[in-house]
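Each remark here refers to the structure printed beneath this line.
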Amino acid sequence: MDADDQTAFREFVQSRSSALLRTAVLLSGGDRHAAEDLLQSALLKAAGRWHRVDEPEAYVRQILYRQQISRWRLKSRGRELSVAEPPEQPARHDGGTDTTELRLVLRSALGRLTARQRTALVLRYYEDLPEAQVARHLGCSVGTVRSTTHRALARLRTLAPELAALGLPETAHSDADPTFVEATR
């Protein structure tokens with residue numbers, strides 16, 4: 001990498017790393033350490049080809065998606081932890097839930113989805129990509145994206161009914177309420 005490319009890469013990382021990290025956190029189910037690893041490996045791959053990259057952010061995001069897909073394809077299914085007693089449920093407020101608490105509930109619920117479901121929701125609603133583009137990123141058909149998104153939304157409603165205040169879309173085809181998207185940021 002020559003000096004100009006190196007300068008451009010540093011400027012890109014400084015200006016866009018926080019937004020890319022937010023996406024990586026969502027893709028990794030709220031695990032900040034895994035998200036940092038995901039982003040670091042994506043930036044490392046991008047640095048090696050920086051001189052050929054026309055649209056840096058799109059290129060790095062594509063690497064993020066593909067890296068996460070590779071991770072969940074390689075992971076084993078045995079991630080559940082058995083405990084003697086279920087965890088306590090959070091106390092409910094009488095006057096409604098504040099945005100911070102909803103954000104935490106949403107991240108926790110996203111973390112309990114499968115990696116494929118979480119990735120489909122992040123791409124579809126957080127990144128606001130059309131179904132066809134999500135299908136290209138995931139390497140599947142548009143119908144699979146629709147069914148995965150539909151099942152993921154249904155599971156979110158089951159796992160965290162308090163998310164109804166966020167305006168979750170009723171179907172995979174409808175758009176999310178801006179509150180739902182904002183709570184993930």
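The values are calculated or read from the model by the stated rules, or taken from the named source; none is laboratory data. Quantities reported herein were computed from a predicted structural model and do not represent experimental measurements. Don't worry about glycine lacking a Cβ; one is built from the backbone with ideal geometry, like all the others, and counts go over all protein chains shown.
Picking from residues in the range 124-151 that are more than 18 Å from Leu110 (Cα to Cα) and charged (D, E, K, R), the one that is surrounded by the fewest Cβ atoms within 10 Å (Cβ to Cβ) is Arg136.
Quick grid of which residues meet (1) at pLDDT 65 or above; (2) of a type in the set (S, T, N, Q); (3) farther than 26 Å from Ala42 by Cα:
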| residue | (1), (2), (3) |
| --- | --- |
| Gln67 | yes, yes, no |
| Arg71 | yes, no, no |
| Glu85 | yes, no, yes |
| His93 | no, no, yes |
| Thr97 | no, yes, yes |
| Glu101 | yes, no, yes |
| Thr114 | yes, yes, no |
| Cys140 | yes, no, no |
| Ala154 | yes, no, yes |
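If you go through the range 1-56, how many residues are of a type outside the set (A, V, I, L, M, F, W, C), over 19 Å from Val122 (Cβ atoms) and outside any helix (DSSP H, G or I)?
Residues in the range 1-56 being of a type outside the set (A, V, I, L, M, F, W, C), over 19 Å from Val122 (Cβ atoms) and outside any helix (DSSP H, G or I): 4 in total.
Six or more apart or on different chains, Cβ under 7 Å: which pairs go from a residue in the range 24-52 that's over 19 Å from Gln14 (Cα atoms) to one that's among the hydrophobic types (A, V, I, L, M, F, W, C) and surrounded by fewer than 20 Cβ atoms within 10 Å (Cβ to Cβ)? Could you list them? Going by the 7 Å Cβ cut-off, the qualifying pairs are Ser28/Ala34. I'm trying to understand the selection: among the residues of the range 21-33, which are at pLDDT below 90 and either within 13 Å of Arg71 (Cα to Cα) or more than 16 Å from the chain's Cα centre (by Cα) (or both)? Correct list: Leu27, Ser28, Gly29. Among the numbered conditions (1) in contact (Cβ under 8 Å) with a residue 40 or more places away in the chain; (2) surrounded by fewer than 20 Cβ atoms within 10 Å (Cβ to Cβ); (3) under 26 Å from Ala109 (Cβ atoms), the only one that Gln67 does not meet is (1).
On the stretch given as the range 1-23, residues that are in contact (Cβ under 8 Å) with a residue 40 or more places away in the chain and of a type in the set (D, E, K, R) total 4. Residues of the range 106-121 include none that is free of Cβ contacts under 8 Å to residues at least 12 places away in the same chain, surrounded by fewer than 15 Cβ atoms within 10 Å (Cβ to Cβ) and within 16 Å of the chain's Cα centre (by Cα).
Go through the range 156-181 and give me each residue that's at pLDDT 80 or above and out of contact with any Lys or Arg (no Cβ under 7 Å at 6 or more places or on another chain).
Residues satisfying the conditions are Leu156, Arg157, Thr158, Ala160, Pro161.
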